[in-house]
Amino acid sequence: MLNDPALIAFRDQVRAFLAAHLPDDIRLAAARATSVFIDPDVSLPWQRILHARGWAAPDWPAEFGGPGWNEIERYIFAAECALAGAPNLAPMGLKMVAPVIMHYGSAEQRAHYLPRILSGEDYWCQGFSEPGAGSDLAALQLRAVPDGDDYVLNGSKIWTTHAHFANRMFALVRTSNEGKPQAGISFLLLDMKAPGIAVEPIRTLAGDHELNQVFFDDVRVPRANRLGGENEGWSVAKHLLTFERGGKYAPGLICRLERLRARDDIDPVLRARLDREAVALKALQALELKAMRGVGGSPALYASALKILGTETAQRIDTLACEVAGHAAWADADGQTPAELAVAVPRYLNDRAASIYAGSNEIQRDLIARTMLG
Ligand SMILES: Cc1cc2nc3c(=O)[nH]c(=O)nc-3n(C[C@H](O)[C@H](O)[C@H](O)COP(=O)(O)OP(=O)(O)OC[C@H]3O[C@@H](n4cnc5c(N)ncnc54)[C@H](O)[C@@H]3O)c2cc1C
């Protein structure tokens, strides 16, 4: 990929910036993270540093404040950030709601929300799932009844990542029970401080608090906060889910695996398994590069395939990290366990959810089968 002198110069520019501007405390906090969702006290300061350089939103078009990079430059940027140990930025604003605001938003909505997402002033959460609506998302029941210039919302959302940090939510709500369930859904942008919203924590298997259930009790949301037409929210959601699932898994996973392979206290059997995973990662990276060039499949098809391969590879690396940590615990009598190994078990537990969120991997397989086989 990197034979082109212009791309090599670009990579060097990014590398030099990261070396000069990624603070050690942020790098260390990222290494100790037990989830791909990094808490905002770590991710937002880094987002502000990137924003000052114009690099907070590599995927955004230049007209909205993106750096105007092509796909290969974005991939190089992601790879360099992973190599430097930079934390992930929260995807809910920058990668999920922003593209749909660009696509479906009015001029006023774009002008209001996009700069606040870029700067980190607004921190978003995603209100799609409900207790009775996950894989079957169209079954959602959170009711939004028109009343004057507002909708009045009653019901609840569940598994809402970082709702306890967010000041904004994008939500799917039911505005009609007529016709197909998909035909009665609208997409709202709402203020988490609105009266009647209550956020209750859900503790995960790993003991983390990153998930919540959010309750709505007569919450008023201006009708002007709807994105797209009334009862046309399903199209907006489908557009968004492509961005949620699409991803660059390989750069970060390669770095994690290489840190494990660099250890010299690993027995040959475990080393052979680490080496085999390195080959699988090369294949994943090749597929990501192919998806990036748009060769051989639709974006939705690639999004589903990469979601399955990326999350399943991450889970295998989690398992290997636990085994390497076991060896290291036995060998490192001085107790100087590196961060990567110290968090191996909580990270393993947290990542069990990766094959469930953003649409479970069974559902992704179903989508691929339907697209390929009709
Ligand atoms: C860590 C985490 C973070 C999340 N964050 C958010 C968030 O921020 N916002 C949000 O809105 N949601 C979020 N979710 C919710 C997530 O999108 C749902 O959990 C997911 O869509 C699955 O829905 P469900 O949990 O209701 O399971 P169900 O839909 O009840 O599925 C249960 C099992 O049945 C399988 N299954 C269901 N239907 C089929 C089928 N037709 N064919 C084959 N298998 C099937 C599923 O694959 C799964 O294994 C999060 C979930 C997790 C675990």
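The values are calculated or read from the model by the stated rules, or taken from the named source; none is laboratory data. Quick caveat: nothing in here was measured; it's all calculated off a predicted structure. Glycine also receives a Cβ, built like all others from the backbone with ideal geometry; neighbour counts cover every protein chain displayed.
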Pair list, Cβ < 8 Å and 6+ apart or interchain, from the range 13-26 residues that are outside the structural domain of ALA339 (by TED's automatic domain parsing) to residues that are among the charged types (D, E, K, R) and part of a helix (DSSP H, G or I): VAL14/GLU80; ARG15/GLU80; PHE17/ARG53; LEU18/GLU80; HIS21/ARG53
Answer yes or no: is there a residue in the range 262-274 that is exposed (fewer than 15 other Cβ atoms within 10 Å of the Cβ), more than 19 Å from the chain's Cα centre (by Cα), modelled with pLDDT under 95 and closer than 24 Å to PHE77 by Cβ. yes
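Out of GLU288, GLU277, which single residue is closer than 28 Å to LEU83 by Cβ, crowded, with 16+ Cβ neighbours inside 10 Å, without any contact (Cβ under 8 Å) to a residue 60 or more places away in the chain and in contact with a Lys or Arg (Cβ under 8 Å, 6 or more places away or on another chain)?
Numbers: GLU288 fails: without any contact (Cβ under 8 Å) to a residue 60 or more places away in the chain.
Sole residue among the options that is closer than 28 Å to LEU83 by Cβ, crowded, with 16+ Cβ neighbours inside 10 Å, without any contact (Cβ under 8 Å) to a residue 60 or more places away in the chain and in contact with a Lys or Arg (Cβ under 8 Å, 6 or more places away or on another chain): GLU277.
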Quick check on my filter: what residues within the range 252-305 are closer than 23 Å to ALA33 by Cβ and not aliphatic (A, V, I, L, M)? GLY252, CYS255, ARG256, GLU258, ARG259, ARG261, ARG263, GLU277, GLN285, GLU288
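Please state which one of LEU153, LEU89 is part of a loop (DSSP other than H, G, I, E, B) and either of a type in the set (D, E, K, R) or out of contact with any His (no Cβ under 9 Å at 6 or more places or on another chain) (or both). Spell out how you get there, then give the answer.
Numbers: LEU153 fails: part of a loop (DSSP other than H, G, I, E, B).
The unique qualifying residue is LEU89.
Conditions (1) within 23 Å of THR161 (Cα to Cα); (2) more than 16 Å from the ligand (Cβ to nearest atom); (3) assigned to a helix (DSSP H, G or I), marked per residue:
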residue	(1), (2), (3)
LYS290	no, yes, yes
ALA303	yes, no, yes
LEU306	yes, yes, yes
LEU309	yes, yes, yes
LEU320	no, yes, yes
ALA329	no, yes, yes
ARG347	yes, no, yes
ALA353	yes, no, yes
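Please find, among GLU121, GLU108, GLU63, GLU71, the residue that is modelled with pLDDT under 95 and surrounded by fewer than 16 Cβ atoms within 10 Å (Cβ to Cβ). Steps first, answer last, please.
On the way: GLU121 fails: modelled with pLDDT under 95; GLU108 fails: modelled with pLDDT under 95; GLU63 fails: modelled with pLDDT under 95.
Every option except GLU71 fails the conditions.
Yes or no: ALA33 at pLDDT 95 or above and over 20 Å from ILE8 (Cα atoms)?
Working: at pLDDT 95 or above: no; over 20 Å from ILE8 (Cα atoms): yes.
It is false that ALA33 is at pLDDT 95 or above and over 20 Å from ILE8 (Cα atoms).
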Failed item, numbered, when GLY93 is tested on (1) more than 28 Å from GLU258 (Cβ to Cβ); (2) in contact (Cβ under 8 Å) with a residue 40 or more places away in the chain; (3) more than 16 Å from the ligand (Cβ to nearest atom): (3)
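When the residues of the range 217-255 are filtered to those that are among the basic types (Lys, Arg) and surrounded by 20 or more Cβ atoms within 10 Å (Cβ to Cβ), which remaining residue is farthest from ALA358 (Cα to Cα)? It would help to see each step written out before you state the result.
Quick first cut of the range 217-255, residues among the basic types (Lys, Arg) only: 220, 223, 226, 238, 245, 248.
Applying the additional criterion that residues be surrounded by 20 or more Cβ atoms within 10 Å (Cβ to Cβ) yields 226, 245, 248.
Numbers: ARG226: 22, ARG245: 6, LYS248: 15 Å.
The residue in question is ARG226.
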Run down VAL173, VAL199, VAL214 and say which single residue is among the β-branched types (Val, Ile, Thr), within 15 Å of the ligand (Cβ to nearest atom) and within 20 Å of the chain's Cα centre (by Cα). VAL214
Output the residue which, of all residues in the range 355-374 that are among the aliphatic types (A, V, I, L, M) and assigned to a helix (DSSP H, G or I), is surrounded by the most Cβ atoms within 10 Å (Cβ to Cβ). LEU367
Per the list (1) crowded, with 17+ Cβ neighbours inside 10 Å; (2) farther than 25 Å from ILE117 by Cβ; (3) β-branched (Val, Ile, Thr), residue check on ILE8 breaks on (1)
Could you tell me whether the range 177-192 includes any residue that is within 11 Å of the ligand (Cβ to nearest atom) and not aliphatic (A, V, I, L, M)? no
Complete set of residues in the range 118-150 that are closer than 30 Å to ALA56 by Cα, away from the ligand (no atom under 16 Å from the Cβ) and among the hydrophobic types (A, V, I, L, M, F, W, C): LEU118
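Select from the range 236-272 the residues that are out of contact with any Gly (no Cβ under 7 Å at 6 or more places or on another chain) and among the hydroxyl-bearing types (Ser, Thr, Tyr) and list them in ascending order.
We begin by selecting, within the range 236-272, every residue out of contact with any Gly (no Cβ under 7 Å at 6 or more places or on another chain); these are 237-240, 242-244, 246, 248, 250-272.
The answer is THR242, and nothing else.
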Among the residues of the range 1-41, write down those that are part of a loop (DSSP other than H, G, I, E, B) and under 26 Å from the mean Cα position of the chain (by Cα). MET1, LEU22, PRO23, ARG32, ALA33, THR34, SER35, VAL36, PHE37, ILE38, ASP39
Say whether the condition of being buried (at least 20 other Cβ atoms within 10 Å of the Cβ) and within 22 Å of the chain's Cα centre (by Cα) is met by at least one residue in the range 324-336. no
